[in-house]
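See below for the structure under consideration.
The values are calculated or read from the model by the stated rules, or taken from the named source; none is laboratory data. Quantities reported herein were computed from a predicted structural model and do not represent experimental measurements. Here the Cβ positions follow ideal geometry from the backbone for every residue, glycine too, while neighbour counts run over all protein chains shown.
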Amino acid sequence: MPSNPPLVLDLDGSLRGLEGARVAPLAAWQEEIRFGCGLAPWRRFQRHLDEVLPERYGTVFLGSGDYHHLSHLLLQRLRLAEPIDVVVFDNHPDNMRFPFGIHCGSWVRHAAALPWIRTIHVVGICSGDVGWRHAWENHLPPLYRGRVRYWTIGVDTRWAGLVGLGRSCRSFAGPGDLIDAFTAALGEQDGPVYLSIDKDVLAPEVARTNWDQGCLQLDHIERVIMALSGRLVGSDITGEISIHRYRTPWKRWLSALDDQPPVAEEDLGRWQSQQLDVNRRLLARIGAAYRR
């Protein structure tokens, strides 16, 4: 197990009771950073994180999936002498167009531009965001360069083959087939890996999130983590569930366009407790996979 404790970036109050975790109180930034923001506030937030984060930490918890773009900031802090691969579990590609700065659905494109990142694998996508109707919304250059690769389940991605992206956009009939193929591909490479898990990749009965969800079970993710044993150099987990009512009109509008499912107050505590159990199980697996 790594000696560094997990770190909670507490923007939305969604995670309580995680044993041994350090907590960075960041609630004052919630409205500005949640879902997305312009590049100027993003850089201000980055400077603030540089001031308050400890020098060393273990797995970082980001809160709701509305904050998955924080993974980009963590990858900026992780510079090794060798190229890093990134494994992202997510029901969405997070490589979508967003002209106003950065948001939780566009951060992969920004991360793929970091020179020390070799390949970003987005694993477990069931969302129609990678179907032909939304193909134009995806950033295609990182896919063409092989810097980003989609591993999808039950989505019609034939459009990708027609435009020369068949190697970067693979589709599988079910989660077992995908995990078999992906773990085999991992065995063909070596080198350090950063792991980012958005729990919206999981089926809703495993953990409820703020977003539409995929079909993976927890043991599918655990199989991949075990395949990464001895290679992990960093990790984060997002997909907690929380309630926030935006004061900013454009954020209300964009979140409505994305059809985020409503969260009932009476269900929140029960679903957060379910999430905590999942987090503990993931932490145990992740800790055993870190580089010694």
Identity of the residue in the range 218-253, among the polar types (S, T, N, Q) and over 18 Å from Gly36 (Cα atoms), that ends up surrounded by the fewest Cβ atoms within 10 Å (Cβ to Cβ): Ser229
Residues that are surrounded by fewer than 17 Cβ atoms within 10 Å (Cβ to Cβ) and either basic (Lys, Arg) or not in a loop (DSSP other than H, G, I, E, B) (or both), drawn from the range 187-217: none
Hits in the range 277-292 (condition: of a type in the set (A, V, I, L, M, F, W, C) and within 15 Å of Gly20 (Cβ to Cβ)): Leu282, Leu283, Ala284, Ile286
Only listed residue being at pLDDT below 95 and closer than 30 Å to Pro54 by Cα, chosen from Arg77, Arg118: Arg77
Residue count for the range 62-76, restricted to those that are more than 14 Å from Ala112 (Cα to Cα) and either in contact with an Asp or Glu (Cβ under 7 Å, 6 or more places away or on another chain) or basic (Lys, Arg) (or both): 5
Residue among Arg167, Arg118, Arg149 that is surrounded by fewer than 19 Cβ atoms within 10 Å (Cβ to Cβ) and part of a strand (DSSP E or B): Arg118
The listed residue being within 30 Å of Ser273 (Cα to Cα), outside any helix (DSSP H, G or I) and in contact (Cβ under 8 Å) with a residue 24 or more places away in the chain, out of Val123, Val224: Val123
Total residues in the range 95-120, condition under 19 Å from Trp159 (Cα atoms) and in contact with an Asp or Glu (Cβ under 8 Å, 6 or more places away or on another chain): 2
The range 80-104 residues that are over 19 Å from Arg34 (Cβ atoms) and in a loop (DSSP other than H, G, I, E, B), paired with ones that are at pLDDT 95 or above and charged (D, E, K, R) (beta carbon under 8 Å, 6 or more apart): Pro83/Arg118; Pro93/Asp129; Asn95/Arg109; Arg97/Glu137
